[in-house]
Ligand code: AMP
């Protein structure tokens with residue numbers, strides 16, 4: 001049996017005429033269409049593009065329903081699906097292609113690389129000539145299904161190799177915890193190249209035989225235009241902030257909804273509060289990462305705790321080591337076994353007793369709810385006190401004239417590390433260091449107040465847009 005294909009197509013086979021995926025512009029793909037097209041694509045990939053079990057298929061394509069059929073086709077072949085962020089530059093894409101050495105690149109525009117390339121619509125067109133019948137390659141729990149490059153802020157990107165078992169166990173557990181049924185309609189606004197949109201959003205919907213409304217991009221107004229036809233929405237905190245900026249967001253428009261979830265980044269308490277006030281709905285915050293899928297979720301029965309990311313999912317174990325707050329480690333069927341081409345990472349990214357080190361720092365309360373306080377490598381210890389940069393950044397970003405900030409620790413004879421804030425001003429605003437200190441003093445405990453504010457024109461960022469703190473630390477240590 002092929003775990004991913006059976007899980008994603010199985011429920012729809014009992015109701016083949018049901019719409020699996022609808023688009024905002026009125027197209028729809030029924031479960032039978034998805035089943036057939038994935039079979040045709042599997043045949044095409046094998047016969048014409050010589051994609052075989054274990055081969056990589058890189059996909060860097062604007063979001064469309066056919067990508068899900070392509071993803072399932074790869075699973076049916078036993079090939080490894082490698083989605084790439086569509087905003088990578090050609091230089092970045094080439095580096096990842098060199099690493100993944102795929103048999104095929106599915107992308108619209110030309111790129112200088114020796115991987116054969118085809119665009120998704122061309123592929124679908126060719127696939128229509130193929131038989132819909134395909135005998136799935138047997139893929140059990142340990143067979144690789146996908147590889148996603150993580151957005152680590154140091155060194156080169158790592159390819160997280162996820163197995164059929166990782167993906168299937170996680171979406172089945174989420175279906176239970178979030179109560180997915182065939183009666184649900186997921187309003188899908190997340191990208192399909194990231195674990196959140198693909199393995200959480202799309203996989204939960206398909207594996208429970210539900211329907212999806214696929215939006216090409218997130219657009220707050222368009223979400224409001226579609227939300228009355230949906231029952232579930234998944235987002236990142238920014239989506240909710242933008243939705244709150246829409247006057248049309250009210251109780252009436254979301255009255256058919258049963259679940260809003262958020263993750264991938266921390267959500268501010270004020271966002272939770274404003275959303276609950278405007279819509280009558282809680283936002284269920286959950287926590288996960290590329291290497292592990294979803295690790296924890298708040299409950300959906302109204303007993304959630306704002307400020308936490310909920311409890312470990314059934315079958316998933318978490319522990320916090322080295323103090324409280326301490327390092328969050330995870331073990332379970334959702335956790336990747338290895339990174340692509342990097343066997344040495346097994347020793348550095350896992351503990352000796354086999355737990356995956358998330359790199360996040362957190363606290364678990366008496367009820368088992370996890371609160372994330374930051375990333376381990378960014379923790380600052382100043383005069384013996386732990387300072388979590390994220391907490392400070394969230395405060396500093398609210399100061400008048402501040403566009404964004406990054407808080408780092410710099411070596412200091414007195415304090416060990418001195419809390420330092422690197423700040424970017426809003427356009428045409430002149431920031432004054434002394435004034436920033438005054439504002440910080442009024443909202444932060446003394447030991448957290450940055451010893452210095454350094455004003456820069458922009459923050460250095462990696463390919464995924466995460467701030468490169470190691471670079472900032474190097475730059476300002478001697479400056
Ligand atoms: P990625 O692998 O790109 O999904 O990034 C995973 C990282 O995002 C985690 O290690 C956390 O640092 C962060 N993250 C994910 N969900 C949350 C959340 N609900 N709250 C705070 N941080 C989160």
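Just so it is clear, none of the values below were taken in a lab; they were calculated from the coordinates. All of these numbers come straight from a predicted model, not from anything done at the bench. Counting neighbours? That spans all protein chains shown, and the Cβs are built from the backbone with ideal geometry, glycine included.
Overall shape: oblate for region 3-364, with the ratio a/c of the largest to smallest alpha carbon gyration tensor axis at 1.5 or above and b/c at least equal to a/b.
Rounded to the nearest 5, the antiparallel percentage of DSSP beta bridges internal to region 79-222 is 40%.
In nm, what is the difference between 0.36 nm times the number of residues separating residue 458 and residue 90 and their Cα-Cα distance?
Contour length minus the Cα-Cα distance gives 130.2 nm.
Principal-axis analysis of the Cα atoms of the chain puts helix 31-47 at an angle of about 90° to the longest axis. With a ≥ b ≥ c the root eigenvalues of the C-alpha gyration tensor of region 380-477, is it rounded (a/c under 1.5), prolate (a/b larger than b/c) or oblate? Note, shape of region 380-477 comes out oblate.
By the helix-only formula, in which each DSSP H run with n ≥ 4 contributes -39500 (n - 2.57) and the sum is divided by residues, the chain has a 222 nm mean residue ellipticity of -8500 deg cm²/dmol. Taking the C-alpha atoms only, the angle from helix 3-13 to the longest principal axis of the chain is near 60 degrees. Label sites at residue 434 and residue 242, each approximated as a point 7 angstrom past Cα along Cα to Cβ, lie 4.1 nm apart. In this rough spin-label picture, where each label sits 7 Å from Cα along the Cβ direction, the residue 385-residue 321 distance is 2.9 nm. FRET efficiency for the pair residue 222 and residue 476, taken as 1/(1 + (r/R0)^6) with r the Cβ-Cβ distance and R0 = 60 Å, rounds to 0.90. Gain on full extension, evaluated as 0.36 nm per residue between residue 305 and residue 353 minus their Cα-Cα distance, stands at 14.2 nm. Against the main long axis of the alpha-carbon atoms of the chain, helix 90-100 sits at an angle near 70°.
Just to verify a number: FRET efficiency for residue 53 and residue 346, C-beta to C-beta distance, R0 = 35 Å, to 0.05?
Working from the Cβ atoms, E equals 0.90.
Please give the contour-minus-distance gain from residue 114 to residue 28: 0.36 nm per residue of separation, less the Cα-Cα distance, rounded to one decimal in nm. Show your work: numbers first, answer last.
On the way: separation 86, 0.36 × 86 = 30.96 nm, distance 3.48 nm.
Extra length available between residue 114 and residue 28 comes to 27.5 nm.
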